[in-house]
Amino acid sequence: MSGGYSGLMSRPARAVSRVRPGGHRLRPEVVKHHQRQRILAGAAAAIAAQGYRAVSVADIVKSAAIARARFYENFGSKEDCFLALYDDATEAALAEVSGACAAADGPFPERLRAGLKALLAFLDADPALARAVVVEGPAVGPPVNERFESLVADLAALLRQGRPEDTAELPDKIEEIVVGGIYWLLYYALLEKRPKRIEKMLPQLVEFALIPFGSEAGAATG
Amino acid sequence: MSGGGRDRGAELDAEWDRLEACYLERLRLVAAGEVGLADRLRAAAWESVRLALECPRDARLLVVEPPVAGRRGQRRQRLLTARLAAMLDAWIAAEEVPGASPLLTGWIIATFYGVFHRSLAGGREEGLPAEVPRLMFLIVSAYAGAEAAAAELDLPPPAWLEGREHP
């Protein structure tokens, strides 16, 4: 699991220590970055707890333990803040998945398993972020829908580029349907909070993702 | 959810109740005319497409709006999912599909929901007819294998779709 954003986001917002106002030598851009991350961590926690629709900027500010003015220096609105959270999270998740697929040795099912394992580990590393993005994302409407389309396309491309050459000719865009199915399986699991550790879904998600590729591909995962 | 003194939440619940009952009854009716699991699932898929094409507002209320509507909507989503799962469990049990995964019902619901949500949320319901064959290919592959599923790609659409312009 990479550090940086994931590591920061895995801690409660209040644990992201405040930068003492004045009296330090940190560059303004470092302070601004730190504030931004603090706000995003607070937003994830608040949205996961209350739901996107119910949460207010005041809730986010309280969760982040930051002044309201600092929020509006970074984001124009609740939606603006959530979209930044969504973009950061999906970019980080995609990097984890594609990195894991590229690093994995072995045939297609092993690479697919590695990618899914990385995705589930990413979600388990920050349950509040996972719930905020996966479960509450659809609540935002068109701006997230567009981003989701882009994410599906990127993940489907990963699935498509790695698939075995000797698989039977598959229907066009079957990978998009598989990715969509995986998303909603994760959605329901996070909505129901079952299983508590998303990583336990790995075997069933691998089995599901390999459906179009036939029993030989599935058997190869062991 | 509230406005003008009306309990919009209660109104929404009533509308959801009506739509869900109507939708589930339609699925039962179309499936009752079929014998095998694939035929029932396909009939259900095409009936869902018909709803999306003829009543897109209602389809969006069933599929797109629940996640948007906060905790109340998520509760509705759980309810509809549970009812669909019970229906699918009964169809699968009636088929006695050898080697079918116990997870098959969940996979079917997630896959169908994924296809319909993406299309309806993006205002692309006119593209749904093209999705049904590949949707059915994936679902039938899950319990009968890719060879059996390949036949789904060559089946003609239902008669009611003929003459209707779609991509």
What list of whole percents do you get for P(r) of segment B:1-99, with Cα-Cα distances grouped in 5 Å bins up to the one holding the largest distance? 2, 12, 20, 21, 17, 12, 8, 4, 2, 1, 0, 0
As a test of the definition: with a 1.4 Å probe, what buried accessible area, both sides summed, do you compute for A against B, in Å² to the nearest 100? 2800 Å²
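Determine the calculated [θ] at 222 nm for the protein assembly as shown from helices alone, applying -39500 (n - 2.57) to every DSSP H run no shorter than 4 residues and normalising by the residue count; nearest 500 deg cm²/dmol. Show your work: numbers first, answer last.
On the way: 19 runs with 265 residues, N = 389.
That calculation yields -22000 deg cm²/dmol at 222 nm.
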Pseudo-spin-label distance B:C55 to A:S77, built 7 Å along Cα→Cβ, given in nm, is 3.2 nm
Using only the Cα atoms of chain B, what do you get for the radius of gyration and for Dmax, in Å? 16.6, 58
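Go through segment B:1-100 and name the GluC sites (Glu not before Pro) that are in a DSSP coil and have 16 or fewer other Cβ atoms within 10 Å of their Cβ. Please report the intermediate quantities before stating the final value.
Numbers: sites: B:E11, B:E15, B:E20, B:E25, B:E34, B:E47, B:E54, B:E95, B:E96; in loops: B:E34, B:E96.
The qualifying sites are B:E34, B:E96.
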Radius ratio Rg over Rh of segment B:23-78, counting only Cα atoms, Kirkwood formula for Rh: 1.07
On a C-alpha basis, how far is the centre of segment B:66-107 from the centre of segment B:1-64 in Å? Whole number, if you could? 14 Å
In nm, the gap between the two label points placed 7 Å beyond Cα toward Cβ at A:S150 and A:D172 is 2.5 nm
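As an exercise, take the mean of 1/r over every pair of distinct alpha carbons in segment A:84-222, invert it, and state the Kirkwood radius in angstroms.
Working: mean 1/r = 0.0653 Å⁻¹.
Taking every pair of different Cα atoms in segment A:84-222, averaging 1/r and inverting gives 15.3 Å.
Which values, in whole Å and largest first, are the semi-axes of the equivalent ellipsoid of segment B:95-163 obtained as the square root of 5 times each eigenvalue of the Cα gyration tensor? Can you show the working numbers first?
On the way: eigenvalues 110, 55, 15 Å².
Rounded to whole Å, the semi-axes are 23, 17, 9.
Can you give the local net charge around A:D124? Use residues other than it whose beta-carbon is closer than 14 angstrom to its beta-carbon, Lys and Arg +1, Asp and Glu -1. Walk me through the numbers on the way to the answer.
On the way: positive: A:K117, A:R131, A:K193, A:R194, A:K196, A:R197, A:K200; negative: A:E96, A:D126, A:E199.
Around A:D124, the surrounding residues sum to +4.
Mind ranking B:I92, A:I177 by accessible surface for me, highest first, 1.4 Å probe? Walk me through the numbers on the way to the answer.
Working: B:I92 30, A:I177 5 Å².
Ranked list, largest accessible area first: B:I92, A:I177.
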Distance in nm between A:K196 and A:A102 label points, each 7 Å along Cα→Cβ, equals 3.6 nm
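Rounded to the nearest 0.05, what FRET efficiency do A:R25 and A:E91 give with R0 = 25 Å and r taken as the Cβ-Cβ distance? Could you check?
0.25
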Between their Cα atoms, which of A:K32/A:K62; A:K78/A:K173; A:K32/A:K78; A:K173/A:K193 are more than 23 Å away from each other? A:K78/A:K173; A:K173/A:K193
State log₁₀ I(q)/I(0) for the protein assembly as shown at q = 0.12, 0.13 Å⁻¹ as given by the Debye formula over alpha-carbon point scatterers of equal weight, solvent excluded. -0.97, -1.11
Relative to the compact-globule estimate 2.2 N^0.38 Å (N residues), the Cα gyration radius of segment B:82-133 stands at a ratio of 1.35
Go ahead and run the numbers for FRET between B:S101 and B:A150, Cβ-Cβ distance against an R0 of 22 Å, rounding to 0.05. 0.65
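The values are calculated or read from the model by the stated rules, or taken from the named source; none is laboratory data. For clarity, every value in this text was computed on a predicted model and none was experimentally measured. Reconstructed Cβ throughout: ideal geometry from the backbone, glycine too, with neighbour counts over all protein chains shown. Keep in mind that these areas ignore ligands, DNA and RNA; they rest on the heavy atoms of the full protein, side chains included. Shrake-Rupley method; radii C 1.70, N 1.55, O 1.52, S 1.80 Å.
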